[in-house]
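*Asks:* After the structure tokens below, expect a handful of questions from me.
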């Protein structure tokens, strides 16, 4: 190859991990990549023999929350192993080098490992006024992105800023903030969220490490493994929605009982993410469990989709078979009567059940 890079197993050995700990990491890697038990031996072989892929991590218009999320993955080995496993050669946030040394590392990686390195992009890219709103070392973000993407083996857009534009692209979008996939001419794996869930980020990276290919994506370029179901479909408060039991104001008695947060603006019914099944902070909780409705941060244009505390149209009957492609267009439609329709339909169902119950009661003997 001309430039030898240690394998993941060799890297772990150098850090003092034994064989048992390596196999535990392989098991976690297989799980996060969605690989069945029968394929475990292939995972072990891949991590024993494949060189660590070099990684370039670029930061543009963002708040660094994606990086903060990534380094807090819940698995005990990930924080220590995964960053070394992917040979993170350049990241303004996580690298020790600065100035000319940092830029040399970036260009050395792109030249020596052309066609082999993974490009991670955090933040949107401004395009108005020649891109002057985000410059690094005298170069615009778009110029740096185009150069880095040209020879990348894979491109991942971390977070809603890089995937959709996020708050920077909210109206009137003065900087012309633009997502990665609209600026480069190669496939992009979008991992939206503000920020994305740490274990989701880990899972996408692991899939590339183990299988050497992108995971299956939906019509919006998102990994189906993590973005195929709405938060609403796996939410533990869903039964309260179906029963027509809703929180009316924050910290009221209904809120203390854990009723559905739909009336408080929860976007769970139209948001595709894994929050309710892959929780945050070491699987401790997620926004809805902490008492706050989902704001739909993984959906495009969520900042412009109306007030965050005004509920959307009711979506009774839209199950997990509905996809982001045919439901997402409905986001943002104001529906003040939506809740009324749902409440009426709920009461009609209750009335029908009561009537059925009366008719089914056995008559008293004469």
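*Asks:* Need the failing condition index for residue 190 against (1) more than 17 Å from residue 57 (Cβ to Cβ); (2) in contact with a strand residue (DSSP E or B) (Cβ under 6 Å, 6 or more places away or on another chain), just the number.
*Replies:* Looking at each condition in turn, residue 190 falls short on (1).
*Asks:* Could we say that residue 39 is surrounded by fewer than 21 Cβ atoms within 10 Å (Cβ to Cβ) and within 17 Å of the chain's Cα centre (by Cα) here?
*Replies:* In short, no.
*Asks:* OK, next. On the phi < 0 side of the Ramachandran plot and out of contact with any strand residue (DSSP E or B) (no Cβ under 6 Å at 6 or more places or on another chain): does that describe residue 169? Don't jump to the end; show me each part of the working.
*Replies:* On the way: on the phi < 0 side of the Ramachandran plot: yes; out of contact with any strand residue (DSSP E or B) (no Cβ under 6 Å at 6 or more places or on another chain): no.
Here the answer is no, as residue 169 does not meet what is asked.
*Asks:* Is it the case that the stretch 160-170 has a residue that's surrounded by fewer than 21 Cβ atoms within 10 Å (Cβ to Cβ) and under 22 Å from residue 69 (Cβ atoms)?
*Replies:* So far as the stretch 160-170 goes, yes, one or more of its residues are surrounded by fewer than 21 Cβ atoms within 10 Å (Cβ to Cβ) and under 22 Å from residue 69 (Cβ atoms).
*Asks:* Continuing with the same structure: Against the condition modelled with pLDDT under 85, more than 27 Å from residue 151 (Cα to Cα) and within 27 Å of the chain's Cα centre (by Cα), how does residue 89 come out, does it pass?
*Replies:* no
*Asks:* What is the residue count in the stretch 121-132 for residues that are in a loop (DSSP other than H, G, I, E, B), in contact with a strand residue (DSSP E or B) (Cβ under 6 Å, 6 or more places away or on another chain) and either outside the structural domain of residue 184 (by TED's automatic domain parsing) or over 15 Å from residue 63 (Cβ atoms) (or both)?
*Replies:* Selection size over the stretch 121-132: 1.
*Asks:* Which of the residues that make up the stretch 65-86 are buried (at least 21 other Cβ atoms within 10 Å of the Cβ) and modelled with pLDDT of 75 or more?
*Replies:* Within the stretch 65-86, 66, 67, 69, 70 meet the criteria.
*Asks:* Name the pairs: first residue in the stretch 276-299 and surrounded by fewer than 15 Cβ atoms within 10 Å (Cβ to Cβ), second residue part of a loop (DSSP other than H, G, I, E, B), Cβ to Cβ under 7 Å, at least 6 apart or on different chains?
*Replies:* Final answer for the pair search is 282/74; 283/74; 285/279.
*Asks:* Within the stretch 189-215, take every residue that is modelled with pLDDT under 90 and touching a helix residue (DSSP H, G or I) at 6+ places or on another chain (Cβ under 6 Å) and give me the one that is nearest to residue 72 (Cα to Cα).
*Replies:* Residue satisfying both the conditions and the ranking: 198.
*Asks:* Any idea how many residues of the stretch 48-64 are at pLDDT 85 or above, within 25 Å of the chain's Cα centre (by Cα), on the phi < 0 side of the Ramachandran plot and not in a strand (DSSP E or B)?
*Replies:* Qualifying residue count, the stretch 48-64: 3.
The values are calculated or read from the model by the stated rules, or taken from the named source; none is laboratory data. What you are looking at is a predicted structure, and each value in this text was computed from that prediction instead of being measured. Positions of Cβ are generated from backbone atoms using ideal geometry, with glycine treated the same way; all protein chains shown enter the neighbour counts.
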